[in-house]
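Peer 1: Quick one: this structure, given as structure tokens, is what I'll be asking you about.
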Amino acid sequence: MNGPAARGPASNRQRPRGPRRPPKPAPGVAARIAAVAALHAVTADHRPADTVLDDPSGPFATLEPRERALARAILGIALRRHGQIRDALGRFLDKALPKKSGPLGSILEVAAAQILFMDVADHAAVSIAVDLASQDRDAQHFKGLANAVLRRLAEARDAILADQDEAVLNAPRWLAANWAKAYGAETARAIALARLEEAPLDLSARDDPAALAERLGGLLLPTGTVRLMPGGAIDALDGFAEGAFWVQDAAAALPALLLGDVAGKAVADLCAAPGGKTLQLAAAGALVTAVDHSAERLKRVEQNLARTGLEARLVAADALAFDPGELYDAVLLDAPCSATGTIRRHPDVALLKRPADVASLAELQKKLLARAVSLLRPGGVLVYSTCSLEREEGEAQAAWALGTLPLSPIPVQPTEIGGLSALCRGGFLRSLPSDLPSDEPRLSGLDGFFAARFVKN
């Protein structure tokens, strides 16, 4: 009989053990962890989603590209469909979650987003959610509850979705009421539905929009914007490195057009960051002074100027205190606002903003308008704009300016904005998320913008 195989001397040695590495999460788990952390930061800590996504020490910082894309997709749905998700979960919860349950609410909502609206296996969404709850010292006490609620949700998914009114559930009541009063019930509903779709990727061309559209296989809008399907890395697009374009929603590109031919003119761009309008004006030949209170945000403008080969003077200063010692031929004031018009691109806005925000910002806008007029030479042109759907930040401000400041109106003409007569409302520019419809939902819509144009008397 053969005996056991002899072991060499090396087999008796014990290899030195270093510190144990934590096991690598299974595919998709890291994305769910990041989505839960980000959603909790928005809904519980009231942090804007962008600050969470861009935080170098935040939950998205170490994700691989595929995991990051998945996490962003989950977070986007969880924010856009937040009302539906809460309504669905509430059908299986007898009472509110305990205060000391940690991130349990966000864990449930992230799982529900997948079960209700994503092509994800139900058992995977449930299992990962239970695992995440198990890893938190507070949420772990409710992992059984999480398992039961999510399994029941999966079983009843079709019936729940058929019973829900997505337009009503996902729009905060105060915003829905504002939109109905301003635009009518039908349009208000269309706005609420439009925000449920991920916004397309809009690009402004440095030189030739038609050539850029052909180069990228994009859709050339009547306004000159090049529109692509959402998704993918922007810096990987052909022409990015050479500065052929910059990212800018089609509606956001319209206010600068209202200044007309600015070649050789001195133009102040107040509250300029992130700089899309500064780049537009520079590309049109204006002598641009871009003013913003945030030196950090101006760094992004500086980077885009360098990438595109365009020039502008950047000034980090409070626009209310900015004193250049000269008067400008034109001023573009894209004033700070509630940003409710950007709810397609920034769905967290609907969760973070309150009516009080609109009121306080409206007072700031009046001050900025008065300051903008003081920087204009007589006969100079002022364009006031906001990315808000609220009339208090748009039409009401224009009325106040005309009644208070030495200004006369210059009505907006359809020919100035690609022939889009539907956006010329009452002599002003007013775009809505439901405007510019398309058979492909992901190629439709605009940010909600208001713009008024004046001449200084």
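Peer 1: Placing +1 on the Cβ of each Lys and Arg and -1 on the Cβ of each Asp and Glu in segment 29-164, which of Leu53, Asn147, Val120 has its Cα farthest towards the positive end of the resulting dipole?
Peer 2: Of the listed residues, the answer is Asn147.
Peer 1: What net charge do the residues around Pro347 carry, taking every other residue with its C-beta under 10 Å from that of Pro347, with Lys and Arg at +1 and Asp and Glu at -1? Intermediate results must be reported in sequence, preceding the final value.
Peer 2: Details: positive: Arg80, Arg81, Arg195, Arg344, Arg345; negative: Glu198, Asp348.
Local net charge: +3.
Peer 1: Considering the options Leu443, Leu420, Leu405, tell which one lies farthest towards the positive end of the dipole of segment 201-456, charges being +1 on Lys and Arg and -1 on Asp and Glu at the Cβ, about the Cα centre.
Peer 2: After comparing all options, I get Leu405.
Peer 1: With only Lys, Arg, Asp and Glu charged, each at its Cβ (+1 for the first two, -1 for the last two), find how big the charge dipole of segment 221-301 is about the Cα centre; round to the nearest 20 debye. Walk me through the numbers on the way to the answer.
Peer 2: Values: 6 positive and 8 negative charges, 31 e Å.
Magnitude of the dipole: close to 160 debye.
Peer 1: Residue separation times 0.36 nm, minus the C-alpha to C-alpha distance between Arg300 and Glu64: what's the value? Show your work: numbers first, answer last.
Peer 2: On the way: separation 236, 0.36 × 236 = 84.96 nm, distance 2.37 nm.
Stretched fully, the Arg300-Glu64 segment lengthens by 82.6 nm.
Peer 1: Further question: Name the residue from Leu382, Gly260, Gln280 whose Cα lies farthest towards the positive end of the charge dipole of segment 201-456, charges +1 on Cβ of Lys and Arg and -1 on Cβ of Asp and Glu.
Peer 2: Leu382
Peer 1: Taking R0 as 30 Å, what's the FRET efficiency between Phe92 and Arg354 from their Cβ-Cβ distance, rounded to 0.05? Could the numbers behind the result be given before it?
Peer 2: On the way: r = 29 Å, r/R0 = 0.97.
So the FRET efficiency works out to roughly 0.55.
Peer 1: Relative to the longest principal Cα axis of the chain, at what angle does helix 355-374 sit, 0 to 90 degrees, rounded to 10?
Peer 2: 40
Peer 1: For Asp158 paired with Gln413, estimate the spin-label separation in nm (one decimal), with each label point 7 Å from Cα along the Cα-to-Cβ line.
Peer 2: Label at Asp158, label at Gln413, 5.7 nm between them.
Peer 1: Continuing with the same structure: Only bridges with both residues in the chain count here: give the DSSP antiparallel percent, nearest 5. Could you put the intermediate results ahead of the total?
Peer 2: On the way: 22 of 41 bridges.
Antiparallel bridges make up about 55 percent of those DSSP assigns within the chain.
Peer 1: Using a basic spin-label model with each label point 7 Å from the Cα along Cα→Cβ, how many nm lie between Asp122 and Ala211?
Peer 2: The two pseudo-label positions are separated by 5.5 nm.
Peer 1: To make sure I understand, if each residue's beta carbon is the centre and we count other beta carbons within 10 Å, what order do Arg32, Arg151 fall in, fewest to most? If you can, show how the numbers build up before the last one.
Peer 2: On the way: Arg32 25, Arg151 16.
Least to most surrounded, the residues fall as Arg151, Arg32.
Peer 1: By its C-alpha gyration tensor, with a ≥ b ≥ c as the square roots of the eigenvalues, how is segment 34-126 shaped: rounded for a/c under 1.5, else prolate for a/b larger than b/c, else oblate? Display every interim value, and only then the final one.
Peer 2: Numbers: a/c = 1.99, a/b = 1.32, b/c = 1.51.
Oblate, because a/c is 1.5 or more while a/b does not exceed b/c.
Peer 1: Hey, another quick one. For a quick protection proxy, order the peptides 56-65, 203-212, 397-406 by their average other-Cβ count within 10 Å, most packed first.
Peer 2: Details: 56-65: 13.1, 203-212: 18.4, 397-406: 15.9.
Descending packing order for the listed peptides: 203-212, 397-406, 56-65.
Peer 1: Let me ask you something else. What nm value, rounded to one decimal, do you get for the distance between Asp323 and Asp238 when each label is placed 7 Å out toward the C-beta?
Peer 2: Going by the 7 Å Cα→Cβ label model, 5.3 nm.
Peer 1: Let me ask another. At a 10 Å Cβ-Cβ cut-off, how would you order Leu220, Leu310, Leu75, fewest neighbours first? Working shown, then result.
Peer 2: Working: Leu220 16, Leu310 20, Leu75 27.
Starting with the residue having the fewest Cβ neighbours, the order is Leu220, Leu310, Leu75.
Peer 1: For segment 201-456, what number of Lys pairs, 8 or more residues apart or on separate chains, have alpha-carbon atoms under 19 Å from each other?
Peer 2: On the way: Lys265/Lys277; Lys265/Lys456; Lys277/Lys299; Lys366/Lys456; Lys367/Lys456.
So the count works out to 5.
Peer 1: Still on this structure: Would you kindly derive the ³J(HN,Hα) couplings of segment 312-323 from the backbone phi angles with the Karplus curve 6.51 cos²θ - 1.76 cosθ + 1.60 (θ = phi - 60°), listing them in order in whole Hz, with x for Gly and Pro?
Peer 2: 7, 8, 9, 10, 8, 6, 5, 4, 5, 9, 5, 9
Peer 1: Can you give me the Cα centroid spacing of segment 414-457 and segment 34-110 in angstrom?
Peer 2: 33
Peer 1: Could you tally the net charge around Asp131, taking each other residue with its Cβ under 13 Å from the Cβ of Asp131, Lys/Arg +1 and Asp/Glu -1? Working shown, then result.
Peer 2: On the way: positive: Arg32, Lys143; negative: Asp136.
Net of charged neighbours comes to +1.
Peer 1: Computed over the Cα atoms, what is the radius of gyration of the chain divided by 2.2 N^0.38 Å, N being its residue count? Numbers along the way, then the final one.
Peer 2: Working: Rg = 26.0 Å, N = 457, 2.2 N^0.38 = 22.6 Å.
The value comes to 1.15.
Peer 1: How much of the DSSP beta bridge set in segment 201-456 is antiparallel, as a percent to the nearest 5? Each step should come with its number before you reach the end.
Peer 2: Details: 22 of 41 bridges.
The answer is about 55 percent antiparallel.
Peer 1: When Asp163, Asp94 are ordered from fewest to most other Cβ atoms inside 10 Å of their Cβ, what list results? Intermediate values should be presented prior to the final figure.
Peer 2: Working: Asp163 11, Asp94 5.
Listing Asp163, Asp94 from fewest to most nearby Cβ atoms yields Asp94, Asp163.
Peer 1: Right, another one. Which angle between 0 and 90 degrees, to the nearest 10, do you get for helix 295-308 versus the longest principal axis of the chain when only C-alpha atoms count?
Peer 2: So the helix axis and the longest Cα principal axis differ by about 80 degrees.
The numbers here are math on the coordinates, done by the rules we state, and not lab data. Owing to the predicted nature of the structure, the values given are computational and were not obtained by experimental measurement. Don't worry about glycine lacking a Cβ; one is built from the backbone with ideal geometry, like all the others, and counts go over all protein chains shown.
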